[in-house]
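Input: a single structure, listed below in structure tokens.
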Amino acid sequence: MGQSIVAFSAFVLTACITTPTDQEIAAKATAMLKSSFTANGQATLDRLDQDETQRICSEFAGKEPPREVAQKIEQINLATIKYPGDGKLLGDWKNGERIAQEGRGKQFSDDPAGPVGGNCYACHRLSPQELSYGTIGPSLYQFGKLRGYTAETQRYAYGKIYNPDAYVACSNMPRFGHNGILTEQQIKDVTALLMDPASPVNR
Amino acid sequence: MTARKESTAWPLRSFFAALWLATATGAAAQTSATDEIAKYRAALQDGNPAELWEARGEDLWKQKRGVRQASLEQCDLGLGPGVVKGAYARLPAYFADADRVMDLETRLVWCMVTLQGYSEAEAKKQPFGNGSEHKSDIEALVAFVTSQSRGVAMNVGLGHPKEVEMYRLGEKIFYYRGGSHDFGCVTCHADEGKRIRLQDLPKLSTPDGAQKAYTTWPAYRVSQGELRSFQWRLYDCFRQQRFPELVFGSDASIALTMFLARNANGGIFDAPAIKR
Amino acid sequence: MPDPMKIRATLTGDTTEVKVLMNHEMETGQRKDAQGKVIPAWFIQNVSVTWNAKTVLSAQWGTAIAKNPFVSFKFKGGAKGDKITITWVDSRAEKRTDEATIA
Amino acid sequence: MDRGRRKALQSGSRVTLLALLAAAGWLPPEASRAQSWNKTAFDAHSLADTMHALGGAEPAPSKDVTFFQTPEIAENGAVVPVGISSAVPNTEAIAILIEKNPNMLAAVFDIPPGTEPTITTRVKMAQTCNIYALVKADGKYYVASKEVKVTLGGCGG
């Protein structure tokens, strides 16, 4: 008797479920996206194709992925970081400040030959002179001063800008080096903004 | 003020130098940046140029236009032909005549085609305005129609399976990360109390955040001097997400609108608003 | 022909408050178009507000008044039903006159 | 607009233009007398030149000239609300000057008797700087200033 009720409920469930599964919706959403955009300038349709990191991070819908998944993402991304051949990680903090302020780059409305910035202030507090800063990421005011001007911190800062997912899986921060948003020199300049004792960030 | 000839170059210069000093000391009592931004926004509320769009939109709604020389007064926005009051608070919705879930903008295009005889391409040719030379009829109509839901509680239904499916698709798209910067809607709109530069970012997956955001669009954007529809809001979010160009009235745009509008249910609609 | 203004005139006690929104680009002459060409200045230069044929406000504007201008002010006098007439003239000598009734 | 009017405008002769407008019947006679556009003042780049053109020599700083609805920080420089009120008796005109705009003079409002010396409008600011409120009363000039910080907003770009 008990068993037949279970069997009956299972039958009802399978018979009545006509709503699509989560996987089906995900596949349909991806297809829907592809038919809902047109290429414009540098923003071509392949921008909609996800790499493994983007795909896994999207699946967890804004929640933290389980530890083993996170570790896998961090490993994949750590392997992508290329440190400068000359071994120097600090550029010019003044250029770094300009890059941190610059919001343009990679949008279909941007001139492909025009400036590409990091737009750091959109999400972080850096130099105290700039009042208009965002809070999506942590405050980076006194970044070097608080952590010490060491070689390891320089290396961490450079690596974090190059590929933040190497340290925190599914970070909100763009992978500036890995995705080719900023050049090596620009990443050095932003690293200097964070790590140069003369930078307004540290004064 | 009429011109008078007096040589004042030096006294003026020293006078303004003194004024400078006075300003500098007065700045000590400055309140925090966010409080001041709140005052800025409050000061803008008094005269909202969105009213200029509402007036033009009402005129366009009533004008006989198109090859059929018909007005839009028989357009069915979901509450029956010609019912504008409260209609926006129930959109997007499934429309049997089109067998499709539609937002306001796509429904307006539908009415321009079926009632007035415009081709779809003509109806969509200026979805967003750009100065006095390139005004958008759609954005003006959106301003008028949405103004007729001011004070009405958002009440978007999921009674039809296609509405449910659109909502679920919109949710997936909300969390979809891609492009050169790995951005998705989720990057900026999944946490409480965050801001980009000085702009507060609502958490759009919860009723509170969705209500705050959705009930204040469309809006007159002072940075552009234009009234902007919700289609434009999504179009420009995706531009800044570094995605390709969102097609006006596309399924993805309607799915996302469905997700956000439904999440805003219960919120009192209060637009067209005025924003940065 | 330029689009109409939106005028509100409200009487409180013996004072009429006038609020007006105008449709105008108020182009500064400083901006460039996509091709890098300077967009010529184009802006409202004169505004006058009259009530019962009496000027209650007149203004000269430069390019620094914001796009789709807004002005509010108050004057003594006015009665419900009286007409307020506002005229602007821009740097292309285009003009627009609109009327509102004091409420 | 016909050629005659355009020509009048290009020649820079406001008197001719205004006479034409009055003749065309679309400016009331009173307005054509009251209205003129002080090109020298609006074209001036320095404070001193602007003041000269307005005839506003050595304005006195005054606590009777006050700002209201004018924020210390503007979220966008394209639209900055400004409210100015004058408690100076017999205020005849209120002008708004923006220190670091390419042309400083933003507006001059003539205040006839019966109109309150209080004006609210919105200006554009190219960058963080002082706004000056200049008041003419009984032929004398008074001034107050307020610094407004212009911020960058949103996602940039």
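Just a few scattered comments:
- Scan of segment B:150-183 for residues that are acidic (D, E) and either without any contact (Cβ under 8 Å) to a residue 12 or more places away in the chain or open to solvent by 30 Å² or more (accessible area, probe 1.4 Å) (or both), ordered by number: B:E165, B:E171, B:D182
- Check on D:P112, facing chain C (nearest Cβ under 9 Å) and surrounded by fewer than 18 Cβ atoms within 10 Å (Cβ to Cβ): yes
- Pairs, first farther than 16 Å from B:K64 by Cα and modelled with pLDDT of 95 or more in segment B:111-130, second assigned to a loop (DSSP other than H, G, I, E, B) and of a type in the set (F, W, Y), C-beta under 6 Å, six or more apart: B:K124/B:F248; B:P127/B:F248
- Of the residues in segment B:237-255, not one is among the hydroxyl-bearing types (S, T, Y) and away from chain A (no Cβ under 12 Å).
- Residue in segment C:13-29 that is at pLDDT 95 or above, of a type outside the set (D, E, K, R) and closer than 30 Å to A:D111 by Cα present: yes
- Those residues of segment B:212-234 which are small (G, A, S), open to solvent by 10 Å² or more (accessible area, probe 1.4 Å) and in contact with a Pro (Cβ under 6 Å, 6 or more places away or on another chain), in sequence order: B:A213
- Taking segment C:5-30 as the range and being out of contact with any Gly (no Cβ under 6 Å at 6 or more places or on another chain), more than 8 Å from chain B (Cβ to nearest Cβ) and of a type in the set (S, T, N, Q) as the test, the residues that pass are C:T10, C:T12, C:T15, C:T28, C:Q30.
- Counted residues, segment B:132-149 - those being in contact with a Pro (Cβ under 7 Å, 6 or more places away or on another chain) and surrounded by fewer than 24 Cβ atoms within 10 Å (Cβ to Cβ): 2
- Checking segment A:58-74 against the condition returns a match, with at least one residue being modelled with pLDDT under 95 and aliphatic (A, V, I, L, M).
- Residue in segment D:39-47 that is out of contact with any helix residue (DSSP H, G or I) (no Cβ under 7 Å at 6 or more places or on another chain), assigned to a strand (DSSP E or B) and at pLDDT 90 or above present: no
- Residue in segment B:125-136 that is farther than 21 Å from B:A261 by Cβ and part of a strand (DSSP E or B) present: yes
- So D:P102, is it at pLDDT below 95, open to solvent by less than 30 Å² (accessible area, probe 1.4 Å) and more than 14 Å from chain A (Cβ to nearest Cβ): no
- Matching residues in segment B:235-259 - criterion: being open to solvent by 10 Å² or more (accessible area, probe 1.4 Å) and either assigned to a helix (DSSP H, G or I) or within 16 Å of B:E171 (Cβ to Cβ) (or both): B:Y235, B:D236, B:C237, B:R239, B:Q240, B:D251
- For segment A:139-198, residues that are out of contact with any Pro (no Cβ under 9 Å at 6 or more places or on another chain), open to solvent by 10 Å² or more (accessible area, probe 1.4 Å) and among the hydroxyl-bearing types (S, T, Y) total 7.
- Considering segment B:187-203, the residues that are under 20 Å from B:R242 (Cβ atoms) and part of a strand (DSSP E or B) include one that is modelled with the lowest pLDDT, namely B:Q199.
- The set of residues in segment C:64-96 being open to solvent by 40 Å² or more (accessible area, probe 1.4 Å), in a strand (DSSP E or B) and more than 7 Å from every other protein chain (Cβ to nearest Cβ) consists of C:K83 alone.
- The residue of segment D:62-72 that is nearest to D:I131 (Cα to Cα), among those that are within 18 Å of the chain's Cα centre (by Cα) and either open to solvent by 40 Å² or more (accessible area, probe 1.4 Å) or within 7 Å of another protein chain (Cβ to nearest Cβ) (or both), is D:F67.
- Residue in segment B:204-216 that is acidic (D, E) and either within 13 Å of another protein chain (Cβ to nearest Cβ) or in a loop (DSSP other than H, G, I, E, B) (or both) present: no
The values are calculated or read from the model by the stated rules, or taken from the named source; none is laboratory data. This is a predicted model, so every value here is computed, not measured. Heads up, the Cβs are rebuilt from the backbone with ideal geometry, glycines too, and the neighbour counts pull from every protein chain shown. Keep in mind that these areas ignore ligands, DNA and RNA; they rest on the heavy atoms of the full protein, side chains included. Shrake-Rupley method; radii C 1.70, N 1.55, O 1.52, S 1.80 Å.
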